[in-house]
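Student: Dropping a structure here in structure tokens format, bear with me for questions.
The values are calculated or read from the model by the stated rules, or taken from the named source; none is laboratory data. Owing to the predicted nature of the structure, the values given are computational and were not obtained by experimental measurement. All Cβ positions, glycine included, derive from the backbone under ideal geometry; neighbour counts span all protein chains shown. Remember, those area values only see protein heavy atoms, side chains included, never the ligands or the DNA or RNA. Shrake-Rupley method; radii C 1.70, N 1.55, O 1.52, S 1.80 Å.
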Amino acid sequence: MFLNLFMIMSFSTILFCLNSNVAFADDFPQIASFADNNTCSIKVGSDVIDNFDCYGSRKPLLISYSYLYDSDVEFFVYIEQPLGNACDGGPLHVIINDNEAGYKPIGKIDFCGGKYPTISSGPSSFTIRIPQVDSAKDNKMGDVDIWSYRDKHLLKIN
């Protein structure tokens with residue numbers, strides 16, 4: 001009975017795949033980051049989207065993906081990963097994909113650690129909040145830098 005049920009399920013799955021729009025991984029662009037010879041890069045397929053010096057770092061790490069469906073824009077936020085103990089994290093690299101320009105970097109935000117950024121998005125908004133450590137207050141959290149996507153630019157708004 002188990003074998004018959006398995007064969008029916010497999011046959012149904014094959015029929016479903018043949019009769020529907022199924023997306024396979026090869027249909028979507030492959031986004032990846034690399035570190036080689038002190039240069040880091042972020043690529044979509046074989047195209048280099050962002051290239052920067054990263055002496056003594058591992059490859060950048062994707063920490064956030066957002067999709068703004070009102071404006072049909074995708075956001076990818078990568079963080080540099082410097083080796084050593086001076087920083088817990090590194091600069092943030094923000095890349096977008098929109099219908100007009102395709103994939104492109106829209107900003108680099110300096111970051112050296114402490115509490116990690118909070119990234120939020122809605123149907124038409126994208127915001128990065130970066131807490132600042134106030135050394136005068138024994139490493140307690142100080143003000144927050146706020147970055148927002150407006151008019152196709154990443155802008156510091158405070």
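Student: Looking at (1) open to solvent by less than 60 Å² (accessible area, probe 1.4 Å); (2) closer than 19 Å to Ile31 by Cα, find the lone condition where Tyr149 falls short.
Tutor: Here Tyr149 meets the rest and fails (2).
Student: Within region 73-91, restricting attention to residues that are touching a strand residue (DSSP E or B) at 6+ places or on another chain (Cβ under 7 Å) and not in a strand (DSSP E or B), which residue is farthest from Ile128 (Cα to Cα)?
Tutor: Within region 73-91, the subset touching a strand residue (DSSP E or B) at 6+ places or on another chain (Cβ under 7 Å) is 73-83, 89-91.
Filter once more, so that each one left must be not in a strand (DSSP E or B): 83, 89-91.
On the way: Leu83: 24, Gly89: 15, Gly90: 15, Pro91: 13 Å.
So the residue we want is Leu83.
Student: Quick one: in region 36-77, which of the residues that are small (Gly, Ala, Ser) and within 16 Å of the chain's Cα centre (by Cα) is surrounded by the fewest Cβ atoms within 10 Å (Cβ to Cβ)?
Tutor: Applying the first criterion (small (Gly, Ala, Ser)) to region 36-77 yields 41, 45-46, 56-57, 64, 66, 71.
After this cut, where a residue has to be within 16 Å of the chain's Cα centre (by Cα) as well, the list is 41, 45, 64, 66.
Working: Ser41: 17, Gly45: 12, Ser64: 18, Ser66: 18.
Within region 36-77, the match that is surrounded by the fewest Cβ atoms within 10 Å (Cβ to Cβ) is Gly45.
Student: If you don't mind, there's one more thing I want to ask. With respect to Lys156, is the statement that it is at pLDDT 90 or above, open to solvent by 20 Å² or more (accessible area, probe 1.4 Å) and touching a Pro at 6+ places or on another chain (Cβ under 8 Å) true?
Tutor: Working: at pLDDT 90 or above: yes; open to solvent by 20 Å² or more (accessible area, probe 1.4 Å): yes; touching a Pro at 6+ places or on another chain (Cβ under 8 Å): no.
Taking the combined requirement at face value, the residue does not satisfy it.
Student: Identify, please: which residue in region 81-95 is open to solvent by 90 Å² or more (accessible area, probe 1.4 Å) and in contact (Cβ under 8 Å) with a residue 12 or more places away in the chain and is, among those, farthest from Ile49 (Cα to Cα)? Outline the logic, then answer.
Tutor: Here is the first cut: in region 81-95, the ones open to solvent by 90 Å² or more (accessible area, probe 1.4 Å) are 83, 85-86.
Restricting the remaining residues to those that are in contact (Cβ under 8 Å) with a residue 12 or more places away in the chain gives 83, 86.
Details: Leu83: 23, Ala86: 28 Å.
The residue in question is Ala86.
Student: For region 96-122, name all the residues that are modelled with pLDDT of 90 or more, open to solvent by 40 Å² or more (accessible area, probe 1.4 Å) and among the aliphatic types (A, V, I, L, M).
Tutor: Ile119 - this is the single residue of region 96-122 that is modelled with pLDDT of 90 or more, open to solvent by 40 Å² or more (accessible area, probe 1.4 Å) and among the aliphatic types (A, V, I, L, M).
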